[in-house]
Amino acid sequence: MDMRMLKSAGLLYAVALLSACGGQTTSTATTPAAPTQLSVAQALFAEKALSANGQMACASCHTDDNGHADASGTLLPLGGQSMTVQGFRSSPSLLYLEANKPFRFEAGQAFGGFTWDGRANSRAEQAAGPLLDLGEMANANVAAVAAKVRQLPYFGDFASVFELPAVTSDAQIFERLQTALQTYQQKDPDYLLFNSKFDRYLDGSATLTVQEARGLGVFNDANKGNCASCHTSQTGSQGERPLFTNFSYAALGLPRNPQIQANADVNFFDMGLCGPKRTDLSARTDLCGQFKVPTLRNIELTAPYFHNASVATLADAVAFYATRDLQPERWYPTVNGVVQRFNDLPVPLRTNVLMTKPFGQRPGGTPLLSATDVADLVAFLRTLTDDRTAPPGALLVKK
């Protein structure tokens, strides 16, 4: 069955569920759709009853309209029993992760894994995090989640399509729930649309504007933007479409975000690979400050930017790369006349911060990226936005 047909079937299933539970719909006659793994998994992704407070679903922090990242107007996600516990990381886009692999080191460089610090090795493993995190969906344990799943009006459909045994343990229900949430992201066509203007440009059916083409040039130029060194923009050897990430990690030296409640404690630092959420690499101080390189596909939709939501707009996110070292006072506070560069890391660890181009310039020096370059890059990045009203594109670039 075509993926868009599966998506429609999932929506029909959701409407049927709403009707069965006494909800109101605008349709006078709805033909119930037979449950499928995708339709049930889609319902589970949007299911607020899976949270301890009954107000939070996976879809609450990974919204359709925002590249499956935080909803518009959201600084950082709120969760917990009272929906007042602020997280200290933004919700990254869940799109274009099918080619991602488990966390690993290659020649000393970290790659892969899911979440900002790669501590989950699969989408299924990642799904367990928010369900049990006291600051997110806030379930006390696996048994609490399983009890909620058993109470769902479509538990029978869930048990059937994900082949639960007649007598099920809490652990089995939780494992199948993880599988279901992974299945949704693998089978829903929105997760690999490949139908942006840039994809159509690759296929020869669209033309970049002069400004967009200049931006692509700056993006790929190792002596200017150098963006493609982490955000791969070339097609693969078999014609695979670029994902605009190589799934690596980098310490960008971002400014500390004073709007993060945890940062009120001057001794608190979110240091990515070496903690606090990830604990197995806490002794690797050389990795402190490194966070996952995200895909730039749909980047136009995912403001505010970076793991700590410290930059509000796409133009400012690009400008950060252009001026971080040339105009540090633009990004960091000044204390007693001294700019506090890289102030979201402890002082001894600030040497971990990336200095490859376009970074590494001295204050007041000649910028590698002009204001025109920044504007051109922004124009190009906007060509990476999917068209959710159109069918998915081909997985390989058309020859």
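Laboratory data are not the source of any read-out in this text; all were calculated from the coordinates shown. Here the structure is a predicted model, which means the values were calculated and not measured. Glycine also receives a Cβ, built like all others from the backbone with ideal geometry; neighbour counts cover every protein chain displayed.
Test of understanding: in a Gaussian network model of the chain with alpha carbons linked when under 10 Å, which of 378, 339, 167 would top the mean-square fluctuation ranking?
167
Just need the relative contact order of the chain here, percent rounded to a whole number, with Cα pairs under 8 Å and 6+ apart.
18
Set the Förster distance to 25 Å, then compute FRET efficiency between residue 81 and residue 168 from the Cβ-Cβ distance, nearest 0.05.
E between residue 81 and residue 168, to the nearest 0.05, is 0.40.
Straight-line reach from residue 148: which lysines have a Cα under 19 Å away, not including same-chain ones fewer than 8 places off?
48
How big is Rg to Rh over region 242-399, alpha-carbon atoms, Rh as the Kirkwood inverse-mean-distance radius?
Working: Rg = 17.4 Å, Rh = 17.4 Å.
Using Cα coordinates only, the ratio equals 1.00.
Please give me the summed charge of the neighbours of residue 170: other residues whose Cβ is under 12 Å from its Cβ, Lys and Arg +1, Asp and Glu -1. Can you show the working numbers first?
Working: positive: 148, 150, 176; negative: 175.
In short, +2.
What percent do you get for the relative contact order of region 151-292 when only Cα pairs under 8 Å and 6+ apart count?
Details: 107 pairs, mean separation 15.7, N = 142.
Once divided by the residue count of region 151-292, the mean separation gives 11 percent.
Using 19 Å as the cut-off for backbone N distance, which residues of region 182-200 belong to the label zone defined by a point 7 Å from the Cα of residue 33 along Cα→Cβ?
Answer for region 182-200: 182-193.
Relative to 2.2 N^0.38 Å, what does the C-alpha radius of gyration of region 140-226 come to as a ratio? Two decimals please.
1.91
Give the lysines reachable from residue 399 as a straight Cα distance under 24 Å; neighbours fewer than 8 places away on the same chain don't count.
Cross-link targets: 197.
Contour minus end-to-end for residue 327 and residue 351, with contour as 0.36 nm per residue of separation and end-to-end as the Cα-Cα distance?
6.8 nm
As a test of the formula, what do you get for the chain when each DSSP H run with n ≥ 4 contributes -39,500 (n - 2.57) and the sum is divided by the residue count, at 222 nm and rounded to the nearest 500 deg cm²/dmol? Kindly include the intermediate steps, with their values, before the conclusion.
On the way: 11 runs with 114 residues, N = 399.
When only DSSP H runs of four or more count, the value is -8500 deg cm²/dmol.
Evaluate E = 1/(1 + (r/R0)^6) for residue 264 and residue 121, where r is the Cβ-Cβ distance and R0 equals 41 Å; express this FRET efficiency to the nearest 0.05.
That gives a FRET efficiency of 0.80.
Spelling out what I want: for every residue of region 352-362, take phi, set θ = phi - 60°, compute 6.51 cos²θ - 1.76 cosθ + 1.60 (Karplus), and round to whole Hz; glycine and proline get x.
After applying 6.51 cos²θ - 1.76 cosθ + 1.60, I find 6, 5, 4, 10, 6, 4, x, 6, x, 8, 7 Hz.
Applying 1/(1 + (r/R0)^6) with R0 = 56 Å to the Cβ-Cβ distance of residue 396 and residue 280, what FRET efficiency is obtained, to the nearest 0.05?
E(calc), rounded to 0.05, equals 0.95.
Could you please report the charge total around residue 341, scoring K, R as +1 and D, E as -1 over all other residues with beta-carbon less than 15 angstrom from its beta-carbon?
Taking every other residue near residue 341 into account, the sum is +2.
Assuming 0.890 mPa s and 25 °C, estimate D for the chain with Stokes-Einstein, Rh taken as the Kirkwood radius over Cα pairs, in µm²/s. Write out the running numbers ahead of the final one.
Numbers: Rh = 22.6 Å.
Estimated diffusion coefficient is 109 µm²/s.
For region 41-115, calculate the relative contact order in percent as a whole number, restricting contacts to Cα pairs under 8 Å that are 6 or more residues apart. It would help to have the intermediate numbers written out before the result.
On the way: 107 pairs, mean separation 14.0, N = 75.
Relative contact order for region 41-115 comes out at 19 percent.
Could you please report the charge total around residue 363, scoring K, R as +1 and D, E as -1 over all other residues with beta-carbon less than 12 angstrom from its beta-carbon?
+2
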